[in-house]
Amino acid sequence: MKAQGAMALGEIFQQLLPGMGRSVSIFLCTLVLSMPLGLVIAFGRMSKCKPVNWIFKGYISIMRGTPLMLQLMVVYFGPFFIFGIKITDSYRLYAVLIAFALNYAAYFAEIYRGGIESMAHGQYEAARLLGYNRAQTFVKIILPQVIKRILPSVTNEVITLVKDTSLSFAIAYLEMFTMAKALAASQRSVLPFIAAAIFYYVFNLLVAVVMEGVEKKLSYYR
Amino acid sequence: MTLLEMNHIKKQFDGVGVLEDISLSVNEGEVLSIIGPSGSGKSTLLRCATMLEQIDGGDISYLGHKAAWTENGKAVYPKKKEMKEIQSYFGLVFQNFNLFPHYSVMKNITDAPIHVQKRKRAEVYEEARKLLAKMGLSDKEDAYPFQLSGGQSQRVAIARALALNPKILFFDEPTSALDPELTGEVLKVIRSLADLDITMVIVTHEMEFARSISDRVIFMDKGVIALEGTPDYVFSAEHTRMREFLGKFHQN
């Protein structure tokens, strides 16, 4: 009985494999898109130009104040309901990536802002006295220190993202969780859910190990 | 030759006057100390001279190049290219060092000469090693700032400022963050620079040091220059505020 169960679990993993690939893709693409976008939003949020400041403040407020699942649906169904554009099947993935990138960028922006604003003013002044221009000051002096400082918060966000990829089931994109749900229903078994749990847990374990490695790499200074 | 000239400098913070019509000039090779009670505007004067603060009135020039002036109570600065040139004339040593924590001692010193002044790497490194030797820090080349004592940090900061070959070096209370033992080693280094005829403006609370190192001393009080002259003249002047100020020091 036990052996049979174990085999079944192995089989389930095999069936879920394509979904796992898609989950990982969503995860990686979202990071690649949202991390730089977050920096742009952080700059907008810190802008001294009032209208720009308000726009980005409002953006962050909406992105953080409404459910990601809802945002996902608006991005997916919006083009049809608002503009009458026919939704193609391939748009599903784009909708997922757009919604995730926009949402996570808002959170990353606030993490970046916290890090940037926590930098001692003396670092800017020293850089200025040494003749660094604004771009050099940010890239060479400020950013490296900010990255070290915000790493724990970023790790939190990245781990949440791993789990949030499962929200894609809301628009029926066939990532791992959507498949596991379907499989559980058709097999009348809880095992697909257990397989899903193991997948997310191991995935996040990996994320934690990698981030710890990065933190260690940056621990050469204080 | 006059290196720095500041005329009728005014500076307010939230409507409160911090500098009230200050004029001073520094000649090449001169060591000028600025002393005075806390809040008298010494550091603000230095920050105005180094363009970290905008002036509300007056003008500043380095080697005859106008570095800042005012039109209708608003500070005006030269164009970017000219400003860059002017900024290369001076360096500043901060009270709390402001070393870059993610750079090694060597990189702290060499990065700006290489990436701002675009000088050759080998040449910059060679010069930096000489500077470190002069600072007595040859063995700290690869250390990071968190591994240094306050005195060592300040000496690295001085080397970092010197590496850009400024014509004039400002010190903003360079020993105020250090205990007496570490103060001595930093003062010794500054003294050795004076012997090399490097032009320096030093804001300090170290009275004996100011007296022995300076060619000229300025005593500031409530945003104005209350007394100015040779160390002997200033320290022995029958000036009420100066006597009060020195008296407090001697009590401590």
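The values are calculated or read from the model by the stated rules, or taken from the named source; none is laboratory data. None of the values given here were measured: they were computed from a predicted structure. Don't worry about glycine lacking a Cβ; one is built from the backbone with ideal geometry, like all the others, and counts go over all protein chains shown. Just so you know, the surface numbers come from the protein's heavy atoms only, side chains and all, with ligands and any DNA or RNA stripped out. Shrake-Rupley method; radii C 1.70, N 1.55, O 1.52, S 1.80 Å.
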With each pseudo-label sitting 7 Å past Cα toward Cβ, what's the A:Ala185-B:Glu228 distance in nm, one decimal? 8.6
For chain B, build the charge dipole from Cβ charges (+1 Lys, Arg; -1 Asp, Glu) around the Cα centre, then report which of B:Ser88, B:Leu178, B:Asn7 sits farthest towards its positive end. B:Ser88
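Mind checking the alpha-carbon convex hull of chain B and giving the volume per residue in Å³? All intermediate terms of the calculation are to be shown ahead of the outcome.
On the way: hull volume 33.5 nm³, N = 252.
Per residue, the Cα convex hull of chain B comes to 133 Å³.
So how many Å³ per residue does the convex hull of the Cα atoms of region A:24-218 work out to?
On the way: hull volume 26.7 nm³, N = 195.
Dividing the Cα hull volume of region A:24-218 by its residue count gives 137 Å³.
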Non-local amide H neighbours of B:Ile218 (under 5 Å, H modeled in plane, Pro and chain starts lacking H): which ones? B:Ser33, B:Ile34, B:Ile35
Accessible area of region A:24-218 divided out per residue, in Å², using a probe of 1.4 angstrom: 52
Principal axes of region A:1-109: Cα extent on each, largest first, Å: 67, 33, 21
Express the carbon and sulfur contribution to the solvent-accessible surface of the protein assembly as shown as a percent, rounded to the nearest whole number, probe 1.4 angstrom. 59
Using label points projected 7 Å from each Cα along Cα→Cβ, tell me how many nm separate B:Ala133 and A:Phe81, to one decimal. 7.6
For region B:119-182 and region B:1-79, what is the separation of their C-alpha centers, rounded to whole Å? 26
Size of charge dipole - the protein assembly as shown - debye, nearest 20, with Cβ of Lys, Arg +1 and Asp, Glu -1, no other charges: 1940
The lysines whose Cα lies under 19 Å from the Cα of B:Lys188, excluding any fewer than 8 residues away in the same chain, are B:Lys130, B:Lys134, B:Lys140
Which positions within region B:132-166 get 40 Å² or more of their accessible surface covered by the other protein chains, compared to the chain by itself, with a 1.4 angstrom probe? B:Phe146
Theoretical FRET efficiency, 1/(1+(r/R0)^6), r = Cβ-Cβ of B:Ser236 and B:His65, R0 45 Å, to 0.05: 0.75
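What are the equivalent ellipsoid semi-axes of region B:1-67, built from the alpha-carbon gyration tensor (square roots of five times its eigenvalues), in whole angstrom, biggest first?
On the way: eigenvalues 82, 42, 15 Å².
In descending order the semi-axes read 20, 14, 9 Å.
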Taking the alpha-carbon centroid of each part, what is the distance from region A:10-48 to region A:158-222 in angstrom? 12
Total accessible surface hidden between A and B, rounded to 100 Å², 1.4 Å probe: 2100
Using the Kirkwood radius over Cα pairs of region B:197-252, the Stokes-Einstein translational diffusion coefficient at 25 °C and 0.890 mPa s, in µm²/s and rounded to a whole number, is 208
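Which values, in whole Å and largest first, are the semi-axes of the equivalent ellipsoid of region A:127-192 obtained as the square root of 5 times each eigenvalue of the Cα gyration tensor? Display every interim value, and only then the final one.
Values: eigenvalues 452, 27, 7 Å².
Ellipsoid semi-axes (Å, largest first): 48, 12, 6.
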Those residues of region B:111-130 for which accessible area with every protein chain present is at least 50 Å² below the isolated value (1.4 Å probe): B:Val116
Kirkwood radius from Cα pairs of the protein assembly as shown plugged into Stokes-Einstein at 25 °C, 0.890 mPa s, gives D in µm²/s equal to 92
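Using the eigenvalues of the Cα gyration tensor, what equivalent ellipsoid semi-axes result for region A:69-181 when each is taken as the square root of five times the eigenvalue, whole Å, largest first?
Details: eigenvalues 317, 57, 19 Å².
Over the Cα atoms of region A:69-181, the semi-axes work out to 40, 17, 10 Å.
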Over the protein assembly as shown: helical MRE at 222 nm, DSSP H runs n ≥ 4 each giving -39500 (n - 2.57), nearest 500: -19000 deg cm²/dmol
Within region A:24-218: Cβ-based charge dipole about Cα centre, in debye rounded to nearest 20 (Lys, Arg +1; Asp, Glu -1): 420
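At 1.4 Å probe radius, can you tell me the per residue accessible area of chain B in Å²? If you can, show how the numbers build up before the last one.
On the way: 11390 Å² over 252 residues.
Counting only protein heavy atoms, the per-residue value for chain B is 45 Å².
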Be a star and scan region B:8-29 for residues whose amide nitrogen sits under 14 Å from the point 7 Å along the Cα-to-Cβ vector of B:Lys167. B:26-29
Given R₀ = 41 Å, what would the calculated FRET efficiency be for B:Glu85 paired with A:Leu70, taking r from the Cβ atoms and rounding to 0.05? 0.15
Scan around B:Gly57 for amide H atoms under 5 Å from its own, H built in the peptide plane at 1.01 Å from N, and keep only partners 5 or more places away or cross-chain. B:Lys10
